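The values are calculated or read from the model by the stated rules, or taken from the named source; none is laboratory data. Note that the coordinates shown come from a computational prediction; the quantities given were computed from them, not determined experimentally. Counting neighbours? That spans all protein chains shown, and the Cβs are built from the backbone with ideal geometry, glycine included.
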Amino acid sequence: MITPVTILPGMDGVVGGAYNVSTNQLFFVEFDGEFHRLNVATHADTLIGTGYQLLEHIALSRDGRHAYVTERGSTAGAGSLLKVDLLNANRVHATVVATGMTAPHQIVLDEDRSQAYVVEFAPAGRLLRIDLTTGTKTSIIGGLQGAVGLAITTARDFAYVSEQTGGRITRIRLADGHREVITTGLTAPFFVNFLGSGESQLITTERDPANHVTIVNIASSPATVTRIANVPFRPSDAIPAGAGEVLVCSDQIISKLQLLPYTSTGTILLGFGYVPFNRIVNGFADTTVDPSYFFQVKDAPFGGSVPVMVNHQGASTAGAHFYVVEVGGVAQTAPFTDYRLNAGTGNFDAITTSPVNGIFFPVRPAGEVWLNQWLGGFIHTDANPPIANGLRNVAVRIFSAANAATEIGHATDAGRHVQIMVDNGWPVASIDQILHNGTPVSTCAMVHVGSTGANDQFQFTITAKDPEKHLLSWSLSAMWGDNQSAGITSQSYTPVPTKEWLGVAGGTVPAPAWHATVPGDLTSINCAHTFYLGAWDRVINGWNYLHFSQYHKSITILP
């Protein structure tokens, strides 16, 4: 378990927060109606707004000047979404965007479309889309049970909702409201956020009596749950604040979790993203030997833009002023951008680092504070031309000057090189054939199963494979009618010494056949059905799983 570090004690009813990366500030709200700004570096807290009623959550506008907050309201239908000027943040100056909601909680902004999404905490709450210009509310789905947390994918195709009833996380397809339970049994899960840009992991809090910060790996089928920290009483929000840090808003304390396992001694090549070098075995990442570690991967190859974590302090102590990142002896020269804290303004500035003399990156000086403190550049395996699939040696060489003749030690020295398995391929997903009682049926066919559903047996010939044999999981589900759905079958990688799993190539599943009839639901055998097949491979960039493929096919099932 990670030990939380207190950065702000003595608060009263902290709930939601939002992090501004450019200013290194956390804006947070208290249930009693106060609005605060916290300097994460100095721990200085400033009260910037008062007069609100039963605040729940906050989302920052990308303009840096405004924020949106939800007021719960004291009665059903009295909840509101407000727009706040951060320079004039008292309730009396706020603009009411929308009202008439029941206990609205977490907010997700989509400012490109002038929209916001919220969920209602109610026995039959709604996921709502709100027009930020007109305040018009559109219900995407109802019947949510004690919904609190909300995260929405960048593509705006899926929403993930935490529901207090059953302690569950539910995935909702925004296009049609199709609902799928991802995991259950959490203790009062509260707000949810994506951990990393790959959107393969959710981070949430479990409230009292558990008082956990928890990671849900949604790329696995079924999803896996890892509790990474015991935190102060009644946590509401776990907010990623850059690679390796999470800010936790608990009732009376704001604390910080340091996720990365790196230290500044000895080794120069520390690892890749969240994966330390000593958790790479024969080129594959394996963090499952540390079951409490938040980033759980097994036999995972690398691909995409892989962040190389460099021990700048250790290199400087060894007398180095420059370093070179090599893959298979070839220098990686792509510039990279990170945020560096400006001591004068107290804000983070975006700094692009380019190599000197073609290949030499400067070692970061001691005393500088970077958002990604260990970042030393990226290996772009899918560049043009790409780095070929297979086992590749990565090395970090250090130099006293931007000159090859000044190398300190050698690339083969301990702690300066590691092999990684590169995989630029994608999984393949296809529903090749739908079988009714063993007989193939065509796409969009009308299939009669009898008034009692006596002939409702279906199987599916599918392809859910990874040509590089690095498949992680696949799942097949059905959707029909008014938000009705059912999981049909799924499968996940079982570790083997070869680390290979092709998946299913033209196989027929499930066995025995799936029965379409759902007791009590007449539409289950009298409606159009769409079948969805999704497949993840195990490729990571060090921060996230990368590759997901999906396929769907439809028929109509009739009595």
Scan region 29-48 for residues that are in a loop (DSSP other than H, G, I, E, B) and either surrounded by fewer than 18 Cβ atoms within 10 Å (Cβ to Cβ) or modelled with pLDDT under 95 (or both) and report the count.
7
Give all pairs with beta carbons closer than 7 Å in which a residue from region 149-160 that is under 11 Å from Val108 (Cα atoms) meets a residue that is buried (at least 16 other Cβ atoms within 10 Å of the Cβ) and of a type in the set (Asp, Glu); count only pairs at least 6 apart in sequence or on separate chains.
Thr153/Glu199; Thr154/Glu199
Hey, which of the strands (runs of 3 or more DSSP E) in region 141-231, taking only ones fully inside, have at least 3 residues that are surrounded by fewer than 20 Cβ atoms within 10 Å (Cβ to Cβ)?
168-173, 179-183, 224-230
Filter region 467-486 for residues that are in contact with a His (Cβ under 8 Å, 6 or more places away or on another chain) and not in a strand (DSSP E or B) and give the result.
Asn483
For region 253-293, which residues satisfy the criterion of being within 25 Å of Thr498 (Cβ to Cβ), small (Gly, Ala, Ser) and in a strand (DSSP E or B)?
Gly271, Ala285
Report whether or not Ala76 is more than 30 Å from Pro261 (Cβ to Cβ), at pLDDT below 95 and among the hydrophobic types (A, V, I, L, M, F, W, C).
yes
Out of the residues in region 396-436 that are of a type in the set (D, E, K, R) and surrounded by fewer than 21 Cβ atoms within 10 Å (Cβ to Cβ), state the one that is modelled with the highest pLDDT.
Asp432
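Residue-wise test of (1) more than 29 Å from Pro4 (Cα to Cα); (2) touching a residue at least 12 places away in the same chain (Cβ under 8 Å); (3) crowded, with 22+ Cβ neighbours inside 10 Å.
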site	(1), (2), (3)
Thr288	no, no, no
Ser316	yes, yes, no
Thr353	yes, yes, no
Val369	no, yes, no
Spot the failing condition for Val246; the list is (1) surrounded by fewer than 23 Cβ atoms within 10 Å (Cβ to Cβ); (2) within 30 Å of His36 (Cβ to Cβ), and only one is missed.
(1)
Qualifying positions in region 76-96 - aliphatic (A, V, I, L, M) and either within 14 Å of Glu34 (Cβ to Cβ) or surrounded by fewer than 21 Cβ atoms within 10 Å (Cβ to Cβ) (or both):
Ala76, Ala78, Leu82, Val84, Leu86, Leu87, Ala89, Val92, Ala94, Val96
Might you let me know whether region 204-222 holds any residue that is out of contact with any Pro (no Cβ under 8 Å at 6 or more places or on another chain) and within 18 Å of Arg129 (Cα to Cα)?
no
The condition from (1) without any contact (Cβ under 8 Å) to a residue 40 or more places away in the chain; (2) surrounded by fewer than 16 Cβ atoms within 10 Å (Cβ to Cβ) that Asn393 misses is numbered (1)
Quick one: Ile359 ticks every box in (1) hydrophobic (A, V, I, L, M, F, W, C); (2) surrounded by fewer than 17 Cβ atoms within 10 Å (Cβ to Cβ); (3) not assigned by TED's automatic domain parsing to the domain that holds Ala505 bar one, so which box is it?
(2)
Among Gly73, Gly135, the single one that is in contact with a strand residue (DSSP E or B) (Cβ under 6 Å, 6 or more places away or on another chain) and either in a helix (DSSP H, G or I) or crowded, with 17+ Cβ neighbours inside 10 Å (or both) is Gly73
